[in-house]
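Working notes, structure below.
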Amino acid sequence: DPDRPADVRVELVARQQTIDIPGGHAIEGYTLNGSSPGPEIRARQGDLVEVTLVNESVADGATLHWHGIDVPNAADGVAGITQDAVAVGGRHVYRFEATDAGTYWYHSHQLSHVQVERGLLGAIVIEPASAEPAANAAGSTDATGAADVTALLHVYGGQHTLNGRAGDERVEAAPGATVRVRVINSDQGTTAVWSAAPFRVVATDGHDVNEPTDIEDRRVLVPAGGRADVAVRAPANGEAVRLHVGGARSVVIGDSEASDPPAARQPSETLDLLAYGAPAPLSFDTTAPDRVFDYVIARRFGIIDGRPGNFWTINGRMFPDVPMFHVREGDVVVMHLRNDSGDVHPMHLHGHHVVVLARDGVAASGSPWIVDSLDVHPGETYDIAFVADNPGIWSDHCHTLPH
Ligand code: C2O
Ligand code: CU
């Protein structure tokens, strides 16, 4: 109902200005309501969210894209596809229903390799309609002090930050309590999450993992643009536990009096999400897809505007000369991703979430692995599937933004 009043209403004012980095040094960039990251938006599943972007001084214009949220096409915020960039002095209203609970983020989708890197971003969390404490999600029987924190990783001019600060995050938790850490990777490359203590991945890209198990001596990799909700238990003996988020920062969880636990070495072994958790039926049949596409990432030598280069290609062409994938509403789509480019690419589909069927021909054997941002490494192939249930023009791109 387009006339339905909003449950959550936010105004975000974009400015070109100096960003203060507590614990670090200020850089020239962009802010929303005076800070970067912008304010965290919290909504409840089913809420109608209305955000007004006001561009006060971003000279190149700006938009807001709701990364990972399956919004109506008109609210997708992609300059040149679903709207024009909002010029200085202009405003744009985004309205969407928060149908899927989970951890998401928002960012400008105009000159994104400049504007996102320099601060036009923030977190958005959609809480489940039936708010289950994080403790339950982690399989803990301890219902005390369950907390839910965001750890948004961003690199500002070489400075690694969590939630905009160049330092560790401290989270107060009672002994034995489980904390849900919502890791958001808004950086340009893959990041690693690990701890000396066991932890669990309870959601990927906003979608719950079925029956997650304890992870030990392994790291979890989060692609650029991706999220991992991690359940960490505060030690029962009143000490603190350290969750590393990227090489430089940690979230330290436990009693506020407890001393910081030492840093743990990054494990060389990586958790394979293809085989993590327990299988569960999918909501659609992937065995007889309506459309099957190849999406081959490679490189090609060429000259653009007189400058030679080795350019990224999709199916042999460069944007905007890549033929569109056409689907009908309701189609089950299977896509074969292949990376022949020699470099990793975090592939991000707008407006839909995809389920991973197989990697290098090996079928998924764990929980349904549902993503909107998927790292495809050189030489790898992935088979993914989704239901094209959201009409419109959607981009499907690499989230290493300079690419
Ligand atoms: Cu987070 Cu098209 O992007
Ligand atoms: Cu790329």
Unique residue being closer than 17 Å to Thr286 by Cβ, polar (S, T, N, Q) and in contact (Cβ under 8 Å) with a residue 12 or more places away in the chain when the list is Ser365, Ser341, Ser395, Ser373
Ser365
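Going through region 171-193 one residue at a time, which ones are assigned to a strand (DSSP E or B) and under 28 Å from Ser373 (Cα atoms)?
Residues satisfying the conditions are Val171, Thr178, Val179, Arg180, Val181, Arg182, Val183, Ile184, Asn185, Thr191, Ala192, Val193.
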Which ones in region 80-112 are within 11 Å of ligand 1 (Cβ to nearest atom) and under 15 Å from Ile126 (Cβ atoms)?
Tyr104, Trp105, Tyr106
For region 225-232, does any single residue satisfy the condition of being more than 19 Å from the chain's Cα centre (by Cα) and open to solvent by less than 20 Å² (accessible area, probe 1.4 Å)?
yes
List the number of the failed condition for Ile384; all other conditions in (1) more than 25 Å from Thr191 (Cβ to Cβ); (2) part of a strand (DSSP E or B) hold.
(1)
From the list Val93, Val116, Val125, Val78, pick out the single residue that is within 16 Å of ligand 2 (Cβ to nearest atom) and modelled with pLDDT of 95 or more.
Val116
Residue check, His160 open to solvent by 30 Å² or more (accessible area, probe 1.4 Å) and in contact (Cβ under 8 Å) with a residue 60 or more places away in the chain
yes
Just wondering, is there one or more residues in region 264-279 that are outside any loop (DSSP other than H, G, I, E, B), more than 29 Å from Gly379 (Cβ to Cβ) and polar (S, T, N, Q)?
no
Considering Ala147, Ala174, Ala131, which residue is open to solvent by 20 Å² or more (accessible area, probe 1.4 Å), closer than 30 Å to Asp3 by Cβ, among the aliphatic types (A, V, I, L, M) and at pLDDT below 95?
Ala131
Can you name the residue in region 233-259 that is in a loop (DSSP other than H, G, I, E, B) and on the phi > 0 side of the Ramachandran plot and, of all such residues, is least open to solvent (accessible area, probe 1.4 Å)?
Gly246
Residues of region 328-363 being assigned to a loop (DSSP other than H, G, I, E, B) and either surrounded by 19 or more Cβ atoms within 10 Å (Cβ to Cβ) or within 16 Å of ligand 2 (Cβ to nearest atom) (or both), which ones?
Asp340, Ser341, Gly342, Asp343, Val344, His350, Gly351, His353
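The values are calculated or read from the model by the stated rules, or taken from the named source; none is laboratory data. Bear in mind that the values here come from a model prediction, so they are computed numbers and not experimental data. Backbone-built Cβ (ideal geometry, glycine too); neighbour counts: all protein chains shown. These area figures cover heavy atoms from the full protein model, side chains too; ligands, DNA and RNA do not enter into them. Shrake-Rupley method; radii C 1.70, N 1.55, O 1.52, S 1.80 Å.
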